[in-house]
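Take a look at the structure below.
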Amino acid sequence: MRNLLLLFISLCTLSVANAQKVVSSFKEAEGTAYSMQSLDARYKSAIHEDSTQAVFTGQAQQQHITAYRQLLQNLGRYLVQNKFSWDKPTRCFNRFYFNQDGSIDYYLFNFQDVDAQKLAEFQRLMTQFIQSNKIAMQAPVKFSQCSPVVYKD
């Protein structure tokens, strides 16, 4: 348990030390430069019910939805390739913050009922995943996308 705690602390420290490419829970991010409120002020919503507030509208909105689904499917494959197992359907609310080129700057999450060891391993793998994966969309501004998701094996 102590080793797990040290691993978790080192992952958090690594994420904080790196100004970009942060993976964090919403709770851990509170009060930091990468809290949801801070990031929302710097990243425009990819899709919004008020089209004047959205980065993508019309046909681009549908393309974004398709690209976002593909990103989540790629993440699922990445987790399987790295022998990560959820053991049961696992609910999460997540928020991605993308650079203009579609690369992932920040990923915030809120899981329901996940043990500390599984959470630490997911966070480690997600930190690796966002280093080289991106959404297949580009925009003139930084943008964000949130959604509930159920992760399954």
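The values are calculated or read from the model by the stated rules, or taken from the named source; none is laboratory data. Because the structure is a prediction, the values reported are computed rather than measured. Side chains are part of the model used for accessible areas, which takes the heavy atoms of the whole protein and leaves out ligands, DNA and RNA. Shrake-Rupley method; radii C 1.70, N 1.55, O 1.52, S 1.80 Å.
Some observations on this one:
- For the chain: rounded, prolate or oblate by the Cα gyration tensor [a/c cutoff 1.5]: prolate
- Computed from the C-alpha gyration tensor, the three semi-axes of the ellipsoid equivalent to the stretch 83-153 are 24, 13, 10 Å, from longest to shortest.
- Surface composition of the chain: carbon plus sulfur atoms contribute 52% of the solvent-accessible area (1.4 Å probe, protein chains only, all chains present).
- Multiplying the residue separation of ILE65 and GLN128 by 0.36 nm and subtracting their alpha-carbon distance yields 20.3 nm.
- Heavy-atom accessible surface of the chain, averaged per residue, reaches 56 Å², computed with a 1.4 Å probe.
- For the chain, DSSP calls about 75 percent of its internal beta bridges antiparallel.
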